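> A single structure is presented below for examination.
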Amino acid sequence: MILARDPDPGQEVEFSILSSTVNATNYFALDSTNGILSKTVEPHLDYETNLKRFQIVIAARTRGNMSLESCTGTITVNIQNVNDEIPVFAYLPDAPIHIYENLPLGRELIKLTATDRDIGDSVHYEFVGTFKGFSINDDSGVITISQPLDYEDPVIPHSWILKIRAYDNDRVHSTTGTVTVILQDVNDNLPQCTQNLYVIEFPENIPIETHLVSLICTDQDGTDPNNNITYHLIMDKFSNETFSLINNEIKIGPNQLNYDDFVFAGMQFKYTLFVRVSDGGNPKLSTIITIILRVIRINELNPIGNMPAFTFSVPENSAMDTLIGRVVFTDADWPFNNIKYTIDGGNLGTHSKFYIEPNTGMIKLLDSLDREVQAQYKLTVRVTDINNDIEPDPLRQRSSAVLVTINVLNINDEPPICNPPHLEKIIYAPAKIPFLQLNCSDKDSSHKALSYSIIRGNTNNWFTLERPGVDPPSLATTKNFQHDVFRGIQEPTTFQLLIEITDELGGNKASQLSTTTTVIIHMLPWTTPQPTTATKTTIATTMTTSILMRISYYWSPDNWISSVITITSVLFLMCVYAVAWCLFKDAPGCSRFFPNCHQHQMNQPSITTKEIIEIPRNIDSLNCQQKSNAKPILLPGNENVATIYDGRAIDPVTGKQYLFNSQTGEVMMLN
């Protein structure tokens, strides 16, 4: 540009810079000839670093005339800003950025900073391309998580190279950079199993090592150890030795399943197992699997007794329903001891004499016992378990048998018995050897346990009982009798001895029983007188026998027995009365009760002689003849034994005992 000219034509003007802003001459040059001010090549003007205004004072004078005054002028140069700068990133990380998959949405990963030296120009940011899961703020350059990042999601990559562009306002200048992001796995997935609850049923007798269940579990975490699964069996003390876990399989053992247990009953007969399935992450994540094993009970055990055989004893006079003993068995199958007792066979008697309570095993008496008939019984008791299966199954019932021996204890309840009950014997005086042996026995006692004594009619001890061994004794006369009594005997004489036989010799006197037998002895003289007439007569001897019994101990009957005896006694008395009525129905009424009454008999002939009767069949025949009205001579002590009592009765009310004559009806009270 021309800054000045000389008013004289033909004069050249020379230009020069007198002064300027600092460093202005570095950026501008003045042509001294033509006065053109121009920009130098170097250095460049930089609006952002240099002055924004330069002032240059220029002087103009005529060339060659240094003495002439010059004129001056000031030129102001204003620098204009031009968008000539490229944005520059202040920081880009060289190393990859590692992020976890569980970062929340909006989480800041990095903040990028880019600068533009152009004054008043701002920088903006953007991705070059599309990166799913990330977003960048175009003003601040902050990169954040825009959607969940799942390491296990196959559509989401595990690493990214993010390309970022920084540009100025007019998008005239821009620059790019890259950031590497690597996604890291996080243990954020629980182990997943195909089934979290198992309900299984097995019988209690299932073999050991039986496979119970196989667990199938996975972990969706993509890296080890996050997806490394381990199994841990959780059991209580009761189940500790019953189940085992190997890898992912649960088996029975080392102990057998056992349904028959009180503790197991409290657990409602089921095992509850827990398996913890864990991964190897930090922290570990776990899933619990529940296994319920219901055990089915099986009747697998036989009832067991506490002894191989049972032996009981019972007195023979025991009443019905007497407890003899108890058979005790146990059954270890649940429900415990749920067993039934039955008598399966054995020596029960003609009518079953025993029964057993099915629930308790108590053996009781069903009928009366008699040791003299049978002293021992052997029973077979069958013990059967019941309801030991889930559903009753008679074919699977188990049973055991045991031998029960019942010994009948002897009780002295049978008095001695003599056969025949009374004896008659004809002997000649003086007899010196045993002339009559008694025949007595006792069902309760042996021969040697019986004792004999003469309790009545043995005047002056003229008779004795000789017993050299254990057999019944023999009746013999003593020396006193032979020398004193029969030295001058001329007529037959009758003796009546009452002999008492007692059992349990040497035993308890309170329990001894006794009976009596009557022995009638007809003693004939040494010589027999001859008859003086031709009339043949026979001895008409009135012989009487009596049977007396002294009771030392008697059995007290039950009430029903007394009733039976009472009814029997009444019937018997009615029969006696009927017989008496038949015999005396034709006799005068007064004579039935008063023998000396002779009403209406004045015209009947009186009987002055007795009918001749025959001697009983067990009396020896007599070859001598006596007068028909001859009476036997009775020694002192035998005068009042003419009445024969051949029956005995018991009053059921008072308990008193009576002897009676079945022919005459005469009664004598014993106690």
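Quick note: the coordinates plus some simple rules give every number you see, no bench work behind them. Keep in mind that what you see is a predicted model, and the values were worked out from it rather than measured. Reconstructed Cβ throughout: ideal geometry from the backbone, glycine too, with neighbour counts over all protein chains shown.
> Taking only C-alpha pairs under 8 Å that are 6+ residues apart, what is the relative contact order of the range 304-409 in percent? All intermediate terms of the calculation are to be shown ahead of the outcome.
Numbers: 229 pairs, mean separation 37.7, N = 106.
The value is 36 percent.
> Could I ask something else about it? Normalised by the residues of the range 201-259, what does the relative contact order come to in percent, with Cα pairs under 8 Å and at least six apart?
Values: 76 pairs, mean separation 27.7, N = 59.
Relative contact order comes out at 47 percent.
> If you average the alpha carbon positions of the range 202-260 and of the range 57-116, how far apart do those two centres end up, in angstrom?
76 Å
> State, as an integer percentage, the relative contact order of the range 192-296 based on alpha-carbon contacts under 8 Å between residues 6 or more apart. Show your work: numbers first, answer last.
On the way: 210 pairs, mean separation 39.3, N = 105.
For the range 192-296, the relative contact order is 37 percent.
> Then there's this: Give me a comma-separated list of calculated 3J(HN,Hα) values for the range 436-446, in order, Karplus coefficients 6.51, -1.76, 1.60 applied at θ = phi - 60°, integers in Hz, x for any Gly or Pro.
After applying 6.51 cos²θ - 1.76 cosθ + 1.60, I find 8, 9, 6, 10, 10, 8, 9, 5, 8, 10, 7 Hz.
> By average Cβ neighbour count within 10 Å, what is the ranking of 80-92, 452-464 from highest down?
Numbers: 80-92: 14.2, 452-464: 16.7.
With the highest mean Cβ count within 10 Å placed first, the list reads 452-464, 80-92.
> Could you list which residues have their amide H under 5 Å from that of Gln220, counting only those 5 or more apart in sequence or on another chain, with H placed in the peptide plane?
Residues meeting the criterion, in which the H sits 1.01 Å from N, are Gln192.
> If you don't mind, another one. Hey, with R₀ at 56 Å, roughly what FRET efficiency would Asp367 and Ile246 work out to, going by the Cβ-Cβ distance, to 0.05?
On the way: r = 67 Å, r/R0 = 1.19.
My answer for the efficiency is 0.25.
> Mind listing the long-range amide H neighbours of Tyr100? Cut-off is under 5 Å, sequence gap 5 or more, other chains count too, H placed in the peptide plane at 1.01 Å from N.
So Tyr100 has HN proximity to Gln184.
> Karplus couplings for the range 464-471 from phi (6.51 cos²θ - 1.76 cosθ + 1.60, θ = phi - 60°), rounded to Hz, Gly and Pro as x?
9, 10, 9, 9, x, x, 9, 6
> Treat every Asp and Glu Cβ in the range 304-409 as -1 and every Lys and Arg Cβ as +1, leave all other atoms uncharged, and give the resulting dipole magnitude about the Cα centre to the nearest 20 debye.
Details: 9 positive and 13 negative charges, 48 e Å.
Computed charge dipole of the range 304-409: roughly 240 debye.
> Within the range 94-161, which chymotrypsin sites (Phe, Trp or Tyr not before Pro) sit in a loop by DSSP and count at most 13 neighbouring Cβ atoms inside 10 Å?
Details: sites: Tyr100, Tyr125, Phe127, Phe131, Phe134, Tyr151, Trp160; in loops: Phe131, Tyr151.
Counting only loop positions with at most 13 other Cβ atoms within 10 Å, none of the chymotrypsin sites (Phe, Trp or Tyr not before Pro) in the range 94-161 qualifies.
> Rounded to whole Hz and in sequence order, give me ³J(HN,Hα) for the range 565-574 from the Karplus expression 6.51 cos²θ - 1.76 cosθ + 1.60, θ = phi - 60°, writing x for Gly and Pro.
3J(HN,Hα) across the range 565-574, in whole Hz: 5, 4, 4, 4, 5, 4, 4, 5, 5, 5.
> What list do you get for His211, His447 if you sort them by fewest beta carbons within 10 Å? Kindly include the intermediate steps, with their values, before the conclusion.
On the way: His211 9, His447 13.
If I rank by nearby Cβ atoms, fewest first, I get His211, His447.
> For a quick check: with amide H placed at 1.01 Å from N, whose amide H comes under 5 Å from Gln437's, ignoring anything fewer than 5 positions away on the same chain?
Leu475
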